[in-house]
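Please treat every number below as a calculation from the coordinates, not as lab data. Note that the coordinates shown come from a computational prediction; the quantities given were computed from them, not determined experimentally. All Cβ positions, even for glycine, are placed from backbone atoms using ideal geometry, and neighbour counts span all protein chains on display.
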Amino acid sequence: MTSREIVKKALAFEGPQRIPMALPAPYPNDFQSASYKLKDSKATDWYKAGKRRWERIDEWGNKWLRIENISKGEVSEGVLENLDDVEEIELPNLDDYDNYREAEEIFSKNKGDKYKLGGLPGFAFNITRKMRRLDQYLMDILLEKEKIIILNERINGLLKKAIENYAKAGADAVHFAEDWGTQNGLLINPELWREVFKEGFINLCSVAHKWGIKVFMHSCGKITDIIPDLIEAGIDVLQFDQPRIHRIDKLAEFSGKVTFWCPVDIQKTLQTKNKKIIRNDVHEMIKKLGGKGGGFMAGYYGNNEAIGLDPKWQDIACQAFVEFGSDLRWLTS
């Protein structure tokens, strides 16, 4: 079976010969990613704006700030200063197919071997919260809900076109990151999330499925409360770097309904620096999350430095993913 066939069987819970993996060389990687490239982007590279201060502009027009090169930075000035301008503000041209030509070329060279992922800039929250800055945005959801909903609808209209363009370019799925959780729970009341954001998820997942492609979502933090909503909306894959924040047994309740894509937990398990615990984590996730004909894919956290770890600890995890995930007959023995 090709990598693409293995991933498709896992997503359909049809019993692939091994678990899909997204691991660094020399380990297996069943995926290929590509993203649109805006022809007329507002984005700049990082530029020095002070003694230790660096700034950049993103494709939406937001100004970012970081100190030296020790972080990814955060938005310091959102492009949407006044919500009264919500219907007039200029947005990137995500509906122009020319911006997807490079992704189409990358996918065309794949020859069906890899599972192809097209990158989105997020769903509405990940985009609009930067346009207002997160602190102001969380207040806006309560105080200016109607305007936020209008803004969401504008963004969702763009994302609909982006999904369609990725499908035309040959993607098997779209993927996006939207960090909805803290270490303790959702950033906002779950009922408010359902009122303001869920319909957008439903509509965009419906568009993707209509075009025959899947939807992969990454989220940091404890978003356990809305996992049933995300499944109902049509999310096909949930990518969690902290699966233990939800509890593995809790995630196992959704086995057969959604696929989980996870590394060994970057905060609770890898930090033990204990080979036995790391290997046990791999074994448990494959057994409990991937035991119904699919439902689990092995991941790798791409920045060991950011989590303060020697790469050897994730290397132990990779070895275990290959060992336990390459022959799944033990799951039924």
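Given an 8 Å cut-off on Cα distances and at least 6 residues of separation, report the relative contact order of region 150-226 as a percent.
Working: 87 pairs, mean separation 37.0, N = 77.
Across region 150-226, relative contact order equals 48 percent.
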Item checked: Farthest positive-ward along the chain dipole, Cα basis, beta-carbon charges - from Gly157, Leu230, Ser108 -> Ser108
Check: Given the options Met21, Met285, Met131, which has the most mean-square fluctuation in a GNM of the chain, springs set between C-alpha atoms less than 10 angstrom apart?
Finding: Met131
Checklist line | Charge dipole magnitude, Cβ of K and R +1, D and E -1 - the chain, Cα centre, debye nearest 20 | finding: 1340 debye
Check: How large is ³J(HN,Hα) for each residue in region 85-92, as worked out from phi by the Karplus curve 6.51 cos²θ - 1.76 cosθ + 1.60 (θ = phi - 60°), to whole Hz, x for Gly and Pro?
Finding: 8, 4, 8, 10, 4, 6, 10, x
Item checked: Sites matching trypsin sites (Lys or Arg not before Pro) across region 215-254 that sit in DSSP coil, with at most 12 neighbouring C-beta atoms within 10 Å -> Arg247
Checklist line | 3J(HN,Hα) from dihedral phi, region 240-255, Karplus parametrisation 6.51/-1.76/1.60, rounded to Hz, x for glycine, proline | finding: 10, 7, 10, x, 6, 5, 8, 6, 4, 5, 5, 4, 5, 5, 9, 4
Check: Among Ile226, Ile213, Ile89, which one moves the most in a GNM of the chain with springs linking Cα atoms closer than 10 Å?
Finding: Ile89
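About its Cα centre, what dipole magnitude does region 124-229 give when the only charges are +1 on Lys and Arg Cβ and -1 on Asp and Glu Cβ, stated in debye to the nearest 20? Present the calculation step by step, with values, prior to reporting the outcome.
Values: 15 positive and 14 negative charges, 75 e Å.
It comes to approximately 360 debye.
Using helices alone, what [θ] at 222 nm do you get for the chain, with -39,500 (n - 2.57) per DSSP H run of 4 or more residues, divided over all residues and rounded to the nearest 500? All intermediate terms of the calculation are to be shown ahead of the outcome.
On the way: 11 runs with 118 residues, N = 333.
Dividing the helical sum by the residues of the chain leaves -10500 deg cm²/dmol.
Pull out a ≥ b ≥ c, the square roots of the eigenvalues of the alpha-carbon gyration tensor of region 108-158, then state rounded if a/c is under 1.5, prolate if not and a/b is larger than b/c, and oblate in the remaining case.
Verdict is prolate for region 108-158.
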Margin query: Can you tell me, using C-alpha contacts under 8 Å and at least 6 residues apart, the relative contact order of the chain as a whole percent?
Written below: 18 percent
Next item on the list: Take the Cα atoms of region 112-196, find their three principal axes, and give me the spread along each one in whole Å, biggest first.
Entry: 48, 29, 22
Next item on the list: Treating each Cα of region 267-333 as an identical point scatterer and ignoring solvent, apply the Debye formula and state log10 I(q)/I(0) at q = 0.24, 0.26, 0.27 Å⁻¹.
Entry: -1.04, -1.16, -1.22
Check: Given H placed on each backbone N at 1.01 Å, which residues far from Ser35 in sequence or on other chains put an amide H within less than 5 Å of it?
Finding: Gly119
Check: Which value, in debye to the nearest 20, gives the size of the charge dipole of region 250-333 about its Cα centre, when Lys and Arg are +1 and Asp and Glu are -1 at the Cβ?
Finding: 300 debye
Note to self: Viscosity 0.692 mPa s, temperature 37 °C: give me the Stokes-Einstein translational D for region 1-120 in µm²/s, with Rh taken as the Kirkwood radius over C-alpha pairs.
What the structure shows: 184 µm²/s
Check: With contacts defined as alpha carbon pairs under 8 Å and 6 or more residues apart, what's the relative contact order of region 86-189 in percent?
Finding: 46 percent
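Scaled to the compact-protein estimate 2.2 N^0.38 Å, what is the alpha-carbon radius of gyration of region 169-277, rounded to two decimal places?
Values: Rg = 14.7 Å, N = 109, 2.2 N^0.38 = 13.1 Å.
For region 169-277, the normalised Cα radius of gyration is 1.12.
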Item checked: Hypothetical label at Lys257: residues of region 204-245 whose amide nitrogen lies under 11 Å (7 Å Cα-Cβ projection) -> 226-233
Item checked: Extreme residue, positive dipole direction of the chain, given options Pro311, Ser206, His175 (C-beta unit charges) -> Pro311
Next item on the list: Once you've got the GNM for the chain with C-alpha springs shorter than 10 Å, pick whichever of Gly73, Gly181, Gly122 has the biggest mean-square fluctuation.
Entry: Gly73
